[in-house]
Amino acid sequence: MSLPREIALNAKAWPFEEARKLLARYGASKPKKGYVLFETGYGPSGLPHIGTFGEVVRTSMVRRAFEQLSDIPTQLFCFSDDMDGLRKVPDNVPNRELLAQYIGKPLTQVPDPFGTHPSFGEHNNARLQAFLDGFGFSYAFKSATQMYKSGAFDETLLKMLRHYDDVMKIILPTLGAERQATYSPFLPICPRTGIVLQVPMVARDEAAGTVTYRDPETETLVEVPVTGGHCKMQWKADWAMRWTGLEVDYEMAGKDLISSVELAGKIVKALGATPPEGFNYELFLDQNGEKISKSKGNGLSVEDWLTYAPDESLALFMYQQPRRAKRLYFDAIPKAVDEYLTYLDKVASEPAEKQAENPAWHIHGGQPPAGKVPLSFAILLNLASVVGANDAAVLWGFISRYAPGTTPENNPLLAKLVQYAGVYYRDFVAP
């Protein structure tokens, strides 16, 4: 369901507004790399969460909108910072004592406590890819470890070394006095221990492409190349290095990272490149209006939501007002489901200019499925309350009276909603 280009050029839906930034960036000219690059980042020290879903689904919506505006090819990179050092042992993994001796080592050098992959980083990368694949996202996965070690970042790392003083002038004013004394944008991987070191640089050799630091335990001077995976960058400098090396055109981030986005953008400009376009989305709140935190465990997980509703309803929740803080808790689910059904019912019969503003068009990447659900989710929940929700056949008896001829076979979306209604009733209404 492609849109006429003139419709897309004037659409007010926020994905089109974002896509027009990229159109202004390139016009009809294809970038040297041959495509417009969208990126999302992931820290693989834990499992994918609802913020991961929100960032990828929103970025995918902007990507699809851009494809309506331009014939330039696009790609989406989902980038895993799996070379980051293990900071602490997570609470929710087995064999925690095994991991304790690997604190500070890159996540791809830490054994997998689950025993399914060569490393903890690779385990969580696999979980991320399975998570994204489950929603049908179109993306290319990128591993920081592979990119650093393969030499893909070497040219940009040498450029960072040549602009070392410029990078330091940008970053140091944002740090406290104690941190300023020890800060370096380069983090050497200790040849002796394999630990990612946060140590000041004693010397640097631009011609040789190396930095020298003092080993914090042996007090000896150690010279290492900044290339080939012998060093990684501090994360804000790393973000800028990645944007420069990959020529990223679009990346969004949470409101809490606005200052980091601005700082990374300054570093990119110091390297003679152009920062990506993007916008800062608001964070989610729990039912008490407090920021959702993985460590606190407040708010909903993706798994929580998908226990009671289809993923399209969660995508709608992400689509709506991304710059406004929203409460993400169980009572939001029925409303989101019914709003999704309303938008889906309308989209096929709407003129193109209305389709461009319809969330169902963006949720389904311009290809919303046909079909109509004759009952709202609210009605299904009420029916489940009446019949006790223990027998779906009884529920279908009521449905067939309301919508003769409707069966689970000819309306699979309704069949899924009947199951969700039963589970939602069991867990929330019945108690």
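Rounded to whole Å and sorted largest first, list the principal axis extents of the Cα atoms in the range 121-236.
For the range 121-236, the Cα spread along each principal axis is 48, 32, 28 Å.
Ignoring ligands, DNA and RNA, what percent of the accessible area of the chain is carbon or sulfur (1.4 Å)?
Working: 9880 of 19670 Å².
Ligands and nucleic acids excluded, carbon and sulfur give 50 percent.
Report the percentage of all Cα-Cα pairs in the range 319-409 whose separation exceeds 19 Å, rounded to a whole percent.
In whole percent, the long-distance tail amounts to 54.
List the pairs from Lys169/Lys266; Lys255/Lys291; Lys88/Lys326; Lys105/Lys232; Lys159/Lys266; Lys88/Lys149 whose alpha-carbon separation is above 19 Å, in the order I gave them.
Lys88/Lys326; Lys88/Lys149
Using only Cα atoms, find the angle between the long axis of helix 258-270 and the longest principal axis of the chain, and express it within 0 to 90 degrees, rounded to the nearest 10.
Around 50 degrees separate the two axes.
Give the distance, in whole Å, between the Cα centre of the range 151-198 and the Cα centre of the range 400-431.
Here the answer is 56 Å between Cα centres.
Quick one: if you stick a label point 7 Å off each Cα along the C-beta vector at Ser376 and Asp71, how many nm between them?
With each label point 7 Å from Cα toward Cβ, the separation is 4.6 nm.
For the range 402-431, list residues with backbone N below 11 Å from a point placed 7 Å from the Cα of Val386 toward its Cβ?
Output list for this probe position: 402.
Let me know the whole percent of all Cα-Cα pairs from the range 10-119 that are separated by more than 23 Å.
47 percent
When the convex hull of the Cα atoms of the chain is projected onto a plane and the area is averaged over all directions, what value comes out in nm²?
23.9 nm²
Quick check: pseudo-label points 7 Å beyond the Cα along Cα→Cβ at Glu223 and Asn92, how many nm apart are they?
Spacing of the two 7 Å Cα→Cβ label points: 4.7 nm.
Ignoring ligands, DNA and RNA, what accessible area per residue does the range 112-171 give at 1.4 Å, in Å²?
45 Å²
For the range 150-213, what does the alpha-carbon gyration tensor say about shape, rounded, prolate or oblate, given a ≥ b ≥ c as the root eigenvalues, a/c under 1.5 as rounded, and a/b over b/c as prolate?
Because a/c hits 1.5 or more and a/b fails to exceed b/c, the range 150-213 counts as oblate.
Take the eigenvalues of the Cα gyration tensor for the range 203-278, scale each by 5, and report the square roots as semi-axes in whole Å, largest first. Show your work: numbers first, answer last.
Details: eigenvalues 173, 43, 19 Å².
Computed over the range 203-278, the values are 29, 15, 10 Å.
If you build the convex hull over the alpha carbons only and average its shadow over all orientations, what do you get for the range 223-350? Give it in nm² to one decimal.
11.8 nm²
At a Förster radius of 45 Å, what calculated FRET efficiency corresponds to the Cβ-Cβ distance of Lys416 and Ile103, to the nearest 0.05?
That gives a FRET efficiency of 0.50.
Say we join alpha carbon atoms closer than 10 Å with springs in a Gaussian network model of the chain; which of Asp391, Asp345, Asp286 then has the biggest fluctuation?
Comparing Asp391, Asp345, Asp286 in the GNM, the peak value goes to Asp391.
In the chain, what % of DSSP beta bridges are antiparallel (nearest 5)?
Of those bridges, close to 45 percent are antiparallel.
The values are calculated or read from the model by the stated rules, or taken from the named source; none is laboratory data. Worth saying up front: this structure is predicted, and the values here are computed from it rather than measured. Here Cβ is always computed from backbone atoms with ideal geometry, including for glycine, and neighbour counts include all displayed protein chains. Side chains included, ligands, DNA and RNA excluded: accessible areas come from the protein's heavy atoms. Shrake-Rupley method; radii C 1.70, N 1.55, O 1.52, S 1.80 Å.
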